[in-house]
Amino acid sequence: MRALTTIVRTVRQSHKAWDNEYSRLARTIVRSLPFRSGEIVEIGCGRGRLTIALARHLPSARIIAIDRFVGPYSHDRTRLEDGLIRARVLDRVHVVSSDGLVWLGRRRSRIRALITGELLPELSVRQMERLFRRTFRTLEDGGRTVHAFLSPVARNQRQRLTIEADSDPRWTRHPPTEWFAPPPKAASTCLRAAGFEDVRVRLLPSRIQFRGPAIAHQLRTWGVRPSFDRAHRRELEGGLELPDWILLSGVRKARGAGRAVRL
Ligand SMILES: C[S@@+](CC[C@H](N)C(=O)[O-])C[C@H]1O[C@@H](n2cnc3c(N)ncnc32)[C@H](O)[C@@H]1O
């Protein structure tokens, strides 16, 4: 069944639609977890759109929200903390400024789940492999990992435009190192290679379509140069659309039950 699409025309509508989108994403992630409490780590929390939604959907859990907060994300720690205060979840979310891979490498006590939202697109293949191996080592028995990211496969012209704007170095000021997003099959193979079992890839259809003034606002937020708008004026009249969400998940089965992996 196709999801109901929200047509966004103004900046205000855009903020609301993003909040709804992340709330839906968090709800879907939380439903896939067999627990509702314990210590949950989110790497690449940024300004906290997913963090806040997760904290709301997991009122008995404690979240460690980690980000490097550098480059285009250098102001996000302040935005995150403001958002946590407004959402009244600051007491359950511990914010850490660190590289997530370094943090995981140093972590000695076990965690229950490791979740990311739009982090994998920022990593190289090597970093993704290291992330999965270190997550496997740090999770408790039965622990879960869930990685949400926007699909690199466009379902229509509006999504194709979004992917091009946000990944082509001609247009974006922050082109990805490797990809708009990892191919889901390659990412799931990598998760299995790290020792995870019950590896699943799920597609959650996106719901946001940007039209009119909301298009330019969204593109500037992503660091896309105005030359993109000029070069694609006709196509943009049909709108921009968020690609579908991919949810990649895996289970860290009881120690001894899984395969040995090199860390
Ligand atoms: C595209 S943003 C996503 C932010 C947020 N999760 C969301 O969905 O809105 C990617 C985030 O990952 C962070 N990041 C990238 N590599 C990282 C690393 N190695 N360790 C910690 N954070 C990292 C960036 O700083 C940025 O905040």
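The values are calculated or read from the model by the stated rules, or taken from the named source; none is laboratory data. What you see is a predicted model; the values in this text were computed from it and never measured. Backbone-built Cβ (ideal geometry, glycine too); neighbour counts: all protein chains shown. The area values use the complete protein model at the heavy-atom level, side chains included, leaving out ligands, DNA and RNA. Shrake-Rupley method; radii C 1.70, N 1.55, O 1.52, S 1.80 Å.
Structure notes:
- Among the residues of region 121-144, those identified as assigned to a helix (DSSP H, G or I), of a type in the set (Lys, Arg) and within 16 Å of Arg255 (Cα to Cα) are Arg133, Arg134, Arg137.
- The lone exception for Thr135 - which of (1) open to solvent by 10 Å² or more (accessible area, probe 1.4 Å); (2) within 14 Å of the ligand (Cβ to nearest atom) it fails: (1)
- Search result, residues across region 2-33 that are among the charged types (D, E, K, R) and in a helix (DSSP H, G or I): Arg12, Lys16, Asp19, Glu21, Arg24, Arg27, Arg31
- Complete set of residues in region 224-240 that are open to solvent by 10 Å² or more (accessible area, probe 1.4 Å) and either out of contact with any Ser or Thr (no Cβ under 9 Å at 6 or more places or on another chain) or within 28 Å of Ala186 (Cβ to Cβ) (or both): Pro226, Ser227, Asp229, Arg230, Ala231, His232, Arg233, Arg234, Glu235, Leu236, Glu237, Gly238
- Only one entry in Ala148, Ala165 is open to solvent by less than 30 Å² (accessible area, probe 1.4 Å), under 22 Å from Pro72 (Cα atoms) and within 13 Å of the ligand (Cβ to nearest atom), namely Ala148.
- Checked against (1) open to solvent by less than 30 Å² (accessible area, probe 1.4 Å); (2) modelled with pLDDT under 95, Glu178 meets all criteria but (1).
- For region 71-86, the criterion of being surrounded by fewer than 16 Cβ atoms within 10 Å (Cβ to Cβ), near the ligand (Cβ under 7 Å from one of its atoms), charged (D, E, K, R) and under 24 Å from Phe149 (Cβ atoms) is met by no residue.
- Residue that is nearest to the ligand (Cβ to nearest atom), among those in region 46-67 that are over 19 Å from Ile111 (Cβ atoms) and part of a loop (DSSP other than H, G, I, E, B): Gly46
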